[in-house]
Structure formats: C-alpha cells, structure tokens
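S.K.: Input: one structure, supplied below.
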Amino acid sequence: MGLCAVLLICLSQAELGRVWAYEHEDALSETVLQTDGDFYGLPRTRRDQHSPHQHREVRHTEGRGLDITTLPDNMTRIVDSQRYYKWQSFGPADRRTEELWVNLNNLHKSQVQIHGILSNAHRQAARVALSFDFPFYGHHLRQIIIATGGFIFMGDITHRMLTATQYIAPLMANFDPSYAKNSTVRYSDNGNVFVVQWDSVSLKDREAEGPFTFQAVLNKNGTIVFNYRDIPIPVEKMNSTEHPVKVGLSDAFMALPPPLQVSEAQRRTIYEYHRVEMNITKIVGRSAFEFTPLPTCLQHTSCDLCITSNMTTGCGWCNTLQRCSDGIDRHRQEWLDYNCPEEAKGSCEDYIPVLPEGSMSSYNQSSPSPTPSSAEMEGQPVTRDLQSSPPHHTGITENTAIIAGVVAALVVLVVLTLLAVYYINTHPTVAPPFYLMQRRTNNYWPSMTFRNQGCHSSYAEVELGGHEKEGFIEAEQCC
C-alpha cells in the first residue's frame, strides 16, 4: 500500500509538471489570435475551445471582470501633450521621408518574415517576440501583438478589445489582407530595428478603392516611425461603424476600483492615461511621422536622480519598491498597494539607513577590545584551558545521527521515485496511472469575463499552420 501511494503521488506530480511545461512553452512561443464573429476575438486556442473555462491570463481569477475606460478629467493626460513623446511629420517633398522608409525588398529573404496566417485572414492578430527590449512609455517590452487592422497592441494584459488602448497605430482600420494574393503582413527584426509592414492591404468590402501600403518601425532607443507609401484615399474618408480608425499612440494601466465602488467581485478597469492622436490630413502617399521618446520618471534608479533630475517633473521616490514614478503608469496598482503616494512625499534623507540599537549593541559586543574574561584567559596556558573544557561528544553524536537520518530518507525517496518512473514507463495502462490520466482536468487556468464597451474589436487565438501566399510558405514558428 505504501508503494502504491508513493507511485500515485509521483505520477500526479509528473502529470502536473508535464502540463505546466506544455503551457509554459505555449506562453513563450508566438501565439496567434483569431477573429470571433464581427469582432477581433482574443485569445482562445482550439485546445482551449474544448475547455471554455481555461484562460492563459493567470493574473485574473474566476469571477473578476474587466472594463476599459479613460481616467476622470482631472487625472487624464492631455491628448497630444508631448509629455511622453515629441514628434515630427514629413511630406513627400521632405528628404527625411525617404530616409525613414525601410525597404524590406532590399533585405535578404531570410531577414523578412511573411506572416502566413495574418496575410490570409481578416481581423486576426499574432503575438511576436522582439529580439530587444523596446521602451514604450518608459516600460520595456519584449513581446508585441501584430493585428491585421494596421496596428500593434502593446499591452501585457490581453483582452478582447485590443483597439481600445495600448497600441501603436500607423493606420488602424478594417483591413482585410486575405482579399488579394499580393496582400501580406510581413516583418523584420535585426536586433536594433523591428519593422512591420502592411503591404497592399485593402479595406473590407471597399476593395475597389485601392490597396494601402504602410509600416511601423520600432527602434531599440524607443523611437517610433510611421511610414506611408500608398494611400489611395484620404484617411478621413475611411471612417467605419464596424471598426475604429485611429492613428497614433496610447497607453493605459489596470487598477482595482475602491471597495465601495465595486459592483461585481474584484472587477478590474483598464484606464487609458495618455493618447497621441495625429493629424490624419497629413497622411498621404510617401509621408511619415517620427516619434521621439521623452525622459520618464521610471528611468531614474535612485532617489537623488528621481527628485533632483531636470529631465522630468512630478516624480516621487517609493523606497519600498525602489522605484521612481509620478503614479500614472502601468505599475499604478502596485504603487497604491504599497502606499507609495505617502512615501513619495518624503525626502531622500528619510531613507538613509540607520542601524537599530540592537545592531549597535551587538556590534559593540563583537568589537576587538578585550573583555575581562578574555583577559583572564590570556594569562592561562592553553593546556589548562583544554583540560577545563571537556569535549561534548554527546552533542556531536546526536547531530551526526540526525544528519544520517535525513540523508537516509532522501536516498529512500530517490530510489522510490526511480522505481515509480520505471513502473509508469513499463506499465502505462495499469489501473493507477490510467485512472489519474482519466481524472485529470484541463482547468489549470481560471476563466475571465469581459464587458464590451463601445465600438471596439476583439481577437481570439488560433493554432499556427502553414499558409501559402505568393510562393511563400510561412513556417510553423512565426517568431
């Protein structure tokens, strides 16, 4: 019976470890998000569809909800305030326009990835890993989500309404790359620059108006470039009730409302705290926008820099988190949870470490100055000291027995584990292993509910596969 119990425990641990590794591998690999009905649906794989209560976002627990809104007027950053970015626009006659354009056709074929799924789909999105940390509103990101709708989602919390906020949108609209064979979504990453290009894409059900070609360029230093090559119609005529049309940047944070304002259990809200909206009348063929990031509080790593720097304003230092912030960024909930608004009111002198009295007394006791007992010992022969202090053989024996017992228990556990693994591998259909496999459920990640507010689109996840377009076949790994 004891051996059976050990076998059952080992098998259950092995199964849980295998499932965790499987999910962890999925999280690190590229994920494709597929459309669901009339929305950009987000994120459920075909495997997840068999288990509707499973969701990848472990930060949310069952019963919690998600809202997307803007901050109250007294807390919302002014649109186009140039607090986080400054920008310039360039027209067809500017030499800078051609300098900013990244010609993917001049790159070697191995340096450019044509995304097979996005190039053959409408209202889908795919997760892509960057080869460098990209600073966005002061936050360093390593993963992005490319959408067929002409934008990049930059949030670390995925939800159904990707078009609402946290985006880099060179031209967000209802594009359908699946309409024509020469319509593609392709990208390139050389370690310093990441480029994604929507090539010859048309508006859904408005294909006769012509194809659009434009790109977004993310530089390692945080600079963002919107390049436009072919714009067949004015952007102001692209408005649609089925899909928002946006050009610019946006970021937000997630926070829990005060307990008295929670209408549902632990409902979370995404607050858009800053947005950059560009003048769409300047978007024509062979034009460009260049965004240069400005210093933020988050870049300061010490209290002195945080408080005294001339590059930023309104910054406060939270010694508990060792973070500089103005309280309005993606870490706002943590800033509030650790009472950082109160800490930020202090000065750097308040955080100078002071040794407690206990530490000072222990330091004095361990000082090299001789004590009376040590002085007496110095005058006595060493042999006399040894004779007056007989060795404690009993204590040594007890410690040795304890250590030996622990080692023996570990050896027995390792042997039983090896036997269990051997037994499972050689008897895969025996009752105990087969019973556990049948009883194992898929509900390892909690579910999540959403509230759809306004005209936003959502993305759902599909599995990767090979898709042919213009003689190219996208590999299983699209990263």
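S.K.: Residues that are in contact with a helix residue (DSSP H, G or I) (Cβ under 6 Å, 6 or more places away or on another chain): list the strands (runs of 3 or more DSSP E) wholly contained in segment 79-159 that include at least 1 such residues.
M.R.: Qualifying strands (runs of 3 or more DSSP E): 85-90, 125-136.
S.K.: May I pose another question? If I filter segment 307-332 down to residues being among the basic types (Lys, Arg) and not in a helix (DSSP H, G or I), which single residue comes out as farthest from the chain's Cα centre (by Cα)?
M.R.: Just the residues of segment 307-332 that are among the basic types (Lys, Arg), to begin with: 323, 330, 332.
Remaining after also requiring not in a helix (DSSP H, G or I): 323, 330.
On the way: 323: 19, 330: 11 Å.
Checked segment 307-332; the qualifying residue farthest from the chain's Cα centre (by Cα) is 323.
S.K.: Report yes if residue 156 is acidic (Asp, Glu) and either touching a Phe, Trp or Tyr at 6+ places or on another chain (Cβ under 9 Å) or over 18 Å from residue 275 (Cα atoms) (or both), otherwise no.
M.R.: Details: acidic (Asp, Glu): yes; either touching a Phe, Trp or Tyr at 6+ places or on another chain (Cβ under 9 Å) or over 18 Å from residue 275 (Cα atoms) (or both): no.
No.
S.K.: Looking only at segment 90-137, which residues are farther than 24 Å from residue 188 by Cα and open to solvent by 40 Å² or more (accessible area, probe 1.4 Å)?
M.R.: First pass over segment 90-137, keeping only residues farther than 24 Å from residue 188 by Cα: 91-94.
Those that are farther than 24 Å from residue 188 by Cα and open to solvent by 40 Å² or more (accessible area, probe 1.4 Å): 92, 93, 94.
S.K.: Scan segment 271-306 residue by residue and report those that are under 20 Å from the mean Cα position of the chain (by Cα) and in a loop (DSSP other than H, G, I, E, B).
M.R.: Within segment 271-306, 296 is the sole residue that qualifies.
S.K.: Can you tell me which residues in segment 176-189 are touching a Lys or Arg at 6+ places or on another chain (Cβ under 7 Å) and either open to solvent by less than 10 Å² (accessible area, probe 1.4 Å) or modelled with pLDDT of 95 or more (or both)? Give the derivation first.
M.R.: Taking segment 176-189 first, the residues touching a Lys or Arg at 6+ places or on another chain (Cβ under 7 Å) are 176, 181, 184.
Those that are touching a Lys or Arg at 6+ places or on another chain (Cβ under 7 Å) and either open to solvent by less than 10 Å² (accessible area, probe 1.4 Å) or modelled with pLDDT of 95 or more (or both): 176, 184.
S.K.: Please go through (1) open to solvent by 10 Å² or more (accessible area, probe 1.4 Å); (2) within 19 Å of residue 172 (Cα to Cα); (3) within 14 Å of the chain's Cα centre (by Cα) for residue 154 and return the number of the only condition it doesn't satisfy.
M.R.: Tallying (1) open to solvent by 10 Å² or more (accessible area, probe 1.4 Å); (2) within 19 Å of residue 172 (Cα to Cα); (3) within 14 Å of the chain's Cα centre (by Cα), residue 154 fails exactly one: (1).
The values are calculated or read from the model by the stated rules, or taken from the named source; none is laboratory data. Bear in mind that the values here come from a model prediction, so they are computed numbers and not experimental data. Glycine gets a Cβ as well: all are built from the backbone with ideal geometry, and neighbour counts include every protein chain shown. Ligands, DNA and RNA are stripped out before the accessible areas are found, and what is left, the full protein with its side chains, is counted by its heavy atoms. Shrake-Rupley method; radii C 1.70, N 1.55, O 1.52, S 1.80 Å.
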